[in-house]
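K.L.:
Next up is a structure, given as C-alpha cells.
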Amino acid sequence: MGVASSRIELLLGIVIGIIIASLYFLVWKLRYSAAIREDAVQRSLAVTAGKVHEQLVPYLPEFGFNPKDARFLGSPVDLIVFDGLAAGEVRRVVFLEVKTGTAPLTARERQVREVIEAREVAWAELRLTRTQN
C-alpha cells in the first residue's frame with residue numbers, strides 16, 4: 001500500500017502543479033494581452049496625430065513657406081513645396097518630410113532624400129492623344 005500511496009501523492013502533486021502553472025499562464029496572458037492592446041492603441045494614436053500634423057503643418061507659424069505653395073503627397077514624402085508659386089515666380093521645389101518627436105526617416109524616405117541630394121531629379125512630360133471612335 002505504500003507504493004500505491006506514493007504514486008497517488010505523486011500524481012496529485014503533478015496535477016496540482018499543472019493547475020497552478022495553467023492559472024499562472026492565464027494571468028500572465030491576460031496581462032500581456034492588455035499591454036499589447038494598450039501599446040497598439042498608443043501607436044495608432046501617434047500615427048493618427050502624425051497624419052493630422054502633416055495636413056496642418058502648412059498653416060503653422062514655423063512652416064516657413066506660403067501654404068498656397070504646398071501640395072500634400074503623403075508618401076514617400078509628405079509635401080512638395082513650389083516655393084514662390086502663389087506669387088507667380090517659382091524659386092525652388094522643396095521636398096518636405098514632416099516628423100514629430102524623435103521619429104526617424106524610414107528606409108524609403110532616406111532613399112528619396114539621397115536621390116534628391118544627389119540631384120538625380122528629372123522633368124518628364126506625358127502627352128496623351130485622344131482616339132476618335
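K.L.:
Students often forget the sequence filter, so: which aspartates and glutamates lie under 13 Å Cα-Cα from Lys51 once same-chain residues fewer than 8 apart are removed?
P.N.:
Cα-Cα hits under 13 Å: Asp78, Glu97.
K.L.:
Can you give the relative contact order of region 56-111 as a percent, counting alpha carbon pairs under 8 Å and 6+ residues apart?
P.N.:
Result for region 56-111 is 25 percent.
K.L.:
Between Ala21, Ala46, Ala35, find the one with the highest GNM mean-square fluctuation for the chain; connect C-alpha pairs within less than 10 Å.
P.N.:
Looking only at Ala21, Ala46, Ala35, the largest GNM fluctuation is found for Ala21.
K.L.:
Quick one: which residues, 5+ away or cross-chain, put their amide H under 5 Å from the amide H of Leu85? H built at 1.01 Å from N.
P.N.:
Those qualifying (amide H under 5 Å, at least 5 residues apart or on another chain) are Arg91.
K.L.:
What is the local net charge at Glu114, summed over the other residues whose Cβ is closer than 15 Å to its Cβ (Lys, Arg +1; Asp, Glu -1)? Could the numbers behind the result be given before it?
P.N.:
Working: positive: Arg108, Arg110, Arg113, Arg119; negative: Glu97, Glu109, Glu117, Glu120.
Residues close to Glu114 contribute a combined charge of 0.
K.L.:
Where is the GNM fluctuation largest for the chain (alpha-carbon springs, 10 angstrom cutoff): Leu105, Leu85, Leu12?
P.N.:
Greatest mean-square fluctuation among the candidates belongs to Leu12.
K.L.:
If I take every Cα pair under 8 Å that is 6 or more residues apart in the chain, average their sequence separation and divide by the length, what percent do I get for the relative contact order?
P.N.:
12
K.L.:
Next question, about the same structure. For helix 2-56, report the angle its Cα long axis makes with the longest principal axis of the Cα atoms of the chain; keep it between 0 and 90° and round to the nearest 10°.
P.N.:
10
K.L.:
Please report the spacing between the Cα centers of region 76-133 and region 40-55 in Å, no decimals.
P.N.:
Taking the Cα centre of each part, region 76-133 and region 40-55 sit 23 Å apart.
K.L.:
Sticking with this structure for a sec: Can you tell which of Arg71, Arg31, Arg110 shows the greatest fluctuation in a Gaussian network model of the chain with Cα springs below 10 Å?
P.N.:
Arg31
K.L.:
Looking at [x] 21; [y] 61; [z] 36, which value of percent of Cα pairs over 24 Å apart comes from a calculation on the structure shown?
P.N.:
Evaluating percent of Cα pairs over 24 Å apart on these atoms matches [y].
K.L.:
Sticking with this one: Please compute the net charge surrounding Ile36, taking Lys and Arg as +1 and Asp and Glu as -1 over other residues with Cβ under 12 Å from its Cβ.
P.N.:
Surrounding charge for Ile36 is +2.
K.L.:
In nm, give the distance between the simple-model label positions of Phe25 and Tyr59, each being 7 Å from the Cα along the Cα-to-Cβ direction.
P.N.:
So the label points at Phe25 and Tyr59 sit 5.4 nm apart.
K.L.:
Roughly how big is the chain's charge dipole about its Cα centre, with Cβ charges of +1 (Lys, Arg) and -1 (Asp, Glu), in debye to the nearest 20?
P.N.:
That gives a dipole near 360 debye.
We did not get these values from a lab; they are worked out from the coordinates using the rules stated. The shown structure was predicted, so the numbers you read here are calculated from the model rather than taken from an experiment. No Cβ is skipped: glycine too gets one built from the backbone with ideal geometry, and neighbour counts run over all protein chains shown.
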